[in-house]
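Participant: Supplied in structure tokens, the structure appears directly below.
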Amino acid sequence: MVTTIIGIGLLGGSYALSLRDKYPKMHFVGVDASDVHGRLAVAKGIVDEVLPMEMAIPKSDLVVLAVPVNYIVELLPTVLDLISDTATVVDLGSTKQLICEVADAHPKRRRFVAAHPMAGTENSGPSAAFRELLPEKNVILCDCEKSDADSVALVEALFKDIGMKIHYMTPAEHDLHLAYVSHLSHVTSFALGYTVLEKERDEQNIFDMASTGFSSTVRLAKSSPAMWAPIFDQNRENLSRALGDYIEFLQQYKTFIDDRDIKASVDFMQRANEIRRILSGIDRK
């Protein structure tokens, strides 16, 4: 089986490394805009060779789109044009509605499966890829009824074999939920990092006084802007709604601070503490 990974970064590279453990005879072809990334991916054992997209796709049984979502939208029609009639295409993008709409307009739509592995770090590139990223994590599949049964079965089997837990949603449900539980946290982390950099001009003070709490909260601000700006744009309506809700609660809490309303502050934080119970339950599943 020949698997082509388009975008040999954190997610695409980690997916390939996980599959290598389960399918040692699978042949991996890399496609990447960066020659440096391509050479590094071969050296690290992520892929066996790097080829231009036009050469790699026609000989592939599976094509994995692991580039930023704006490039998935741009490349998907061409990828579907180039695949054989029996090949499968899967994307790993963090938005789904626009990608699925693009796929829906293509004659080979049934060879495409829309997926989103719920895993990542703030790092990028093939050097950031590691085989432990995806096992035990969730992956969301969308619009499976629009895909051929053999393509869905292949994608499901590969995700299950590397230890991922599969969930199913519509693209609209996916993008709405992700606006709150993923995209909003990245926006707020970028905003926090920006605020501190603007107001704490002394970099040494930031280094000396930043606690582990600050570091963990702002960790996502180290993520790739080139990856996240298109995600925010494609999911802008849901994200704007989520930001509006968040700003409303921030303003409410600012009022508690300004009014020295300690009881309201405690009540607010105790309600927020409920997230610990929910996330602890998820961790035990």
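The values are calculated or read from the model by the stated rules, or taken from the named source; none is laboratory data. The structure presented is a predicted model; accordingly, all values stated were derived computationally and were not measured. Ideal geometry is used to build each Cβ from the backbone, glycine not excepted, and the neighbour counts take in all protein chains shown.
Conditions tested, residue by residue: (1) among the aliphatic types (A, V, I, L, M); (2) in contact with a Leu (Cβ under 9 Å, 6 or more places away or on another chain).
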position	(1), (2)
1	yes, yes
6	yes, yes
20	no, no
25	no, no
52	no, no
66	yes, yes
75	yes, yes
95	no, yes
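Participant: Moving on to the next point. Here are some residues: 51, 65. Which one is surrounded by 18 or more Cβ atoms within 10 Å (Cβ to Cβ) and aliphatic (A, V, I, L, M)?
Facilitator: Criteria check complete, one pass: 65.
Participant: Of all residues being part of a helix (DSSP H, G or I) and of a type in the set (Ser, Thr, Tyr) in the stretch 4-52, which is farthest from residue 117 (Cα to Cα)? Just the residue, please.
Facilitator: Of everything passing the filter in the stretch 4-52, 18 is farthest from residue 117 (Cα to Cα).
Participant: Any residue at all in the stretch 57-69 that is touching a Lys or Arg at 6+ places or on another chain (Cβ under 8 Å) and either modelled with pLDDT of 95 or more or not charged (D, E, K, R) (or both)?
Facilitator: Checked the stretch 57-69: no residue is touching a Lys or Arg at 6+ places or on another chain (Cβ under 8 Å) and either modelled with pLDDT of 95 or more or not charged (D, E, K, R) (or both).
Participant: Still on this structure, I have one more. Out of all the residues in the stretch 58-86, which are farther than 21 Å from residue 13 by Cβ and part of a loop (DSSP other than H, G, I, E, B)?
Facilitator: Within the stretch 58-86, 83, 84, 85, 86 qualify.
Participant: Also, quick follow-up: Can you tell me how many residues within the stretch 87-99 are outside any helix (DSSP H, G or I), out of contact with any Pro (no Cβ under 8 Å at 6 or more places or on another chain), among the aliphatic types (A, V, I, L, M) and under 27 Å from residue 183 (Cα atoms)?
Facilitator: The qualifying residues number 2.
Participant: Could you tell me which numbered condition residue 188 fails, if it satisfies all but one of (1) in a helix (DSSP H, G or I); (2) in contact with a Ser or Thr (Cβ under 9 Å, 6 or more places away or on another chain); (3) at pLDDT 95 or above?
Facilitator: Here residue 188 meets the rest and fails (3).
Participant: Against the conditions (1) assigned to a loop (DSSP other than H, G, I, E, B); (2) at pLDDT below 95; (3) under 15 Å from the mean Cα position of the chain (by Cα), where does residue 133 fall short? Just the number, please.
Facilitator: If we test residue 133 against (1) assigned to a loop (DSSP other than H, G, I, E, B); (2) at pLDDT below 95; (3) under 15 Å from the mean Cα position of the chain (by Cα), just (2) comes out false.
Participant: Please tell me if residue 102 is in a strand (DSSP E or B), surrounded by fewer than 24 Cβ atoms within 10 Å (Cβ to Cβ) and free of Cβ contacts under 8 Å to residues at least 60 places away in the same chain.
Facilitator: Considered against the rule, which asks whether it is in a strand (DSSP E or B), surrounded by fewer than 24 Cβ atoms within 10 Å (Cβ to Cβ) and free of Cβ contacts under 8 Å to residues at least 60 places away in the same chain, residue 102 comes out as no.
Participant: Restricting attention to the stretch 88-99, does a residue exist that is basic (Lys, Arg), crowded, with 24+ Cβ neighbours inside 10 Å and closer than 28 Å to residue 239 by Cβ?
Facilitator: Yes, there is a match, as at least one residue in the stretch 88-99 is basic (Lys, Arg), crowded, with 24+ Cβ neighbours inside 10 Å and closer than 28 Å to residue 239 by Cβ.
Participant: I need a count of the residues in the stretch 159-186 that are among the aliphatic types (A, V, I, L, M), out of contact with any strand residue (DSSP E or B) (no Cβ under 8 Å at 6 or more places or on another chain) and crowded, with 18+ Cβ neighbours inside 10 Å.
Facilitator: Matching residues across the stretch 159-186 total 4.
Participant: Right, residue 223: in the same structural domain as residue 185 (by TED's automatic domain parsing), closer than 24 Å to residue 9 by Cβ and surrounded by 14 or more Cβ atoms within 10 Å (Cβ to Cβ) or not?
Facilitator: Against the criterion (in the same structural domain as residue 185 (by TED's automatic domain parsing), closer than 24 Å to residue 9 by Cβ and surrounded by 14 or more Cβ atoms within 10 Å (Cβ to Cβ)), residue 223 qualifies.
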